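Student: Below you'll find the structure I mean.
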Amino acid sequence: VHEFDLIARIRQAASDDPRVPLGIGDDAAVIRSAAGGEVVAAVDTLMEGVDFTFPPATPELAGRKALAVNLSDLAAMAARPLAALVAAVFPKRRGAEFAGRVMDGCLALAKEFNIALAGGDTNTWDGPLVLSVTVLGEPTARGVVRRDGAQVGDAIMVTGPLGGSLLRGRHLRFTPRVHEALALHDRFDLHAMIDVSDGVGSDLQHILDASDVGAVLDAAAIPIHPDVQLTDDGRGLLDRTLSDGEDFELLFTVSPDDARRIEQASLAVRIGEIVEADTREIVMPDGAHIALPRGGWQHRF
Ligand SMILES: [Mg+2]
């Protein structure tokens, strides 16, 4: 059983609720209060041995990453972060100083993004470090940007280079694109957006599925991070760039006019186009069309 099959089953079982105008299936949920106010909420759990290991992670970097991945999900909605709740399960054998350093890393990033640590829960056990962070944000006056708004003819854009984030610890130190998302949302009409956590090959397909459209990527236009070239594990350069994941750049679609202005301002790079639903492919530099890989990270049972 794959992670996405389980999510689909949970999503079916969770009935629609008017208090949740946007529920399971986007980067974050939107919850509406009786008074009409809206909160954008996301939660993510990181586990030692899966999402980071010591070393190369330090306790501070583990704490930082647990909050950063959540801020990245708020960025993917173009929501403004407000506060975080941190649930931690600390390994007894690593002691109290270790736990303090984990929280220091988390608090430093909270301060950097001017959000409140509003609460949480601390536990100890004989297992590895587990951190579950919930972030709360608010929509701007323009509302949130969802995954399901991509339109045929849109340009597909990405805010930075992709691939190789695990190799030199970039996945531990990345800056969530919160400010970039808010600046883009303020100036342009973002049709659909997601953060690149599993790899563009996989994350773009979430936008395509939600929006019921297809895509043609231009391989030559995809910005490849220099870290990708550090390995040669048998997969091609492009395959690694599209499927390594944990880049935490933003992937979004806009009208061709907005795309031109965004490129002129060097805010993002155009990597392809949204087309009718039956096409999902990449045009290689030699002109060959290949199927867009579904690749990318999935938890499995
Ligand atoms: Mg996400």
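The values are calculated or read from the model by the stated rules, or taken from the named source; none is laboratory data. All of these numbers come straight from a predicted model, not from anything done at the bench. Cβ: placed from backbone, ideal geometry, glycine included. Neighbour counts: every protein chain shown. Note: accessible area is taken over every heavy atom of the protein model, side chains too, but ligands, DNA and RNA are not part of it. Shrake-Rupley method; radii C 1.70, N 1.55, O 1.52, S 1.80 Å.
Student: Pairing the Cα long axis of helix 95-112 with the longest principal axis of the chain, what angle in degrees results, from 0 to 90 and rounded to the nearest 10?
Tutor: 40 degrees
Student: Let me make sure I get this right: for the stretch 130-244, a, b and c are the square roots of the gyration tensor eigenvalues over alpha carbons, sorted descending. Under 1.5 in a/c it's rounded, otherwise prolate if a/b > b/c, else oblate. Which is it? Don't skip to the answer; put the middle values down first.
Tutor: Working: a/c = 1.97, a/b = 1.30, b/c = 1.52.
Cα axes put the stretch 130-244 in the oblate bin.
Student: Then there's this: With +1 assigned to the C-beta of every Lys and Arg and -1 to the C-beta of every Asp and Glu, and no other charges, what is the dipole magnitude of the stretch 129-223 about the Cα centre in debye, to the nearest 20? Walk me through the numbers before you get to the answer.
Tutor: Working: 8 positive and 12 negative charges, 94 e Å.
Using Cβ point charges on Lys, Arg, Asp and Glu, the stretch 129-223 gives about 460 debye.
Student: Another question, then. Using only the alpha carbons of the chain, determine the length spanned along each of the three principal axes and report them from longest to shortest in whole angstroms.
Tutor: Cα spread of the chain along its principal axes, largest to smallest: 57, 54, 41 Å.
Student: Starting at the first residue of the stretch 113-119, write each ³J(HN,Hα) from the Karplus equation 6.51 cos²θ - 1.76 cosθ + 1.60 with θ = phi - 60°, in whole Hz, x for Gly and Pro.
Tutor: Running phi through 6.51 cos²θ - 1.76 cosθ + 1.60 with θ = phi - 60° gives 9, 6, 10, 8, 8, 8, x Hz.
Student: Quick check on the chain: of the DSSP beta bridges with both residues there, what percent are antiparallel, nearest 5%? Kindly include the intermediate steps, with their values, before the conclusion.
Tutor: Values: 43 of 59 bridges.
Of those bridges, close to 75 percent are antiparallel.
Student: Comparing D26, D212, D203, which has the greatest mean-square fluctuation in the GNM of the chain with Cα pairs linked when under 10 Å apart?
Tutor: Result: D212 has the largest fluctuation of those listed.
Student: Between D286 and R93, what is the label-point separation in nm under the 7 Å Cα-to-beta-carbon projection?
Tutor: 5.2 nm
Student: Find which of V89, I31, A288 sits farthest along the positive direction of the dipole of the chain, computed with +1 on the beta-carbon of Lys and Arg, -1 on that of Asp and Glu, about the Cα centre.
Tutor: V89
Student: When a/c reaches 1.5 or more, the comparison of a/b and b/c decides; with that in mind, is the stretch 33-175 rounded, prolate or oblate per its Cα gyration tensor?
Tutor: oblate
Student: Explain nothing, just compute: Karplus ³J(HN,Hα) = 6.51 cos²θ - 1.76 cosθ + 1.60, θ = phi - 60°, for every residue of the stretch 122-139 in order, whole Hz, x for Gly and Pro.
Tutor: Each residue of the stretch 122-139 in turn: 10, 9, 10, 7, 8, x, x, 5, 10, 10, 10, 10, 10, 10, 10, x, 10, x Hz.
Student: Still on this structure, I have one more. Each residue of the stretch 72-79 in order: what ³J(HN,Hα) in whole Hz does its phi give by Karplus 6.51 cos²θ - 1.76 cosθ + 1.60, θ = phi - 60°, with x for Gly and Pro?
Tutor: Whole-Hz 3J(HN,Hα) from phi for the stretch 72-79: 5, 5, 5, 4, 5, 9, 6, 9.
Student: To the nearest 20 Debye, how big is the dipole of the chain about its Cα centre, given +1 on the beta carbon of each Lys and Arg and -1 on that of each Asp and Glu?
Tutor: Numbers: 28 positive and 45 negative charges, 189 e Å.
The calculated dipole for the chain is roughly 900 debye.
Student: Only helical DSSP H runs with n ≥ 4 go in: add -39500 (n - 2.57) per run for the chain, normalise by residue count and round the 222 nm mean residue ellipticity to 500 deg cm²/dmol.
Tutor: -9000 deg cm²/dmol
Student: Pick from A108, A96, A288: which residue has the top mean-square fluctuation in a GNM of the chain where Cα pairs under 10 Å get a spring?
Tutor: A288
Student: In the chain, what percent of the accessible surface is made up of carbon and sulfur (1.4 Å probe, ligands and nucleic acids excluded)?
Tutor: Values: 7320 of 14070 Å².
For the chain, the apolar C and S fraction of the accessible surface comes to 52 percent.
Student: Full-extension gain between L237 and E263, please, as 0.36 nm times their residue separation minus the C-alpha to C-alpha distance. Spell out each step's value before the answer.
Tutor: Working: separation 26, 0.36 × 26 = 9.36 nm, distance 2.43 nm.
Computed gain between L237 and E263 is 6.9 nm.
Student: Pick out which of F52, F252, F188 has the largest mean-square fluctuation in a Gaussian network model of the chain, springs linking Cα atoms closer than 10 Å.
Tutor: It is F188.
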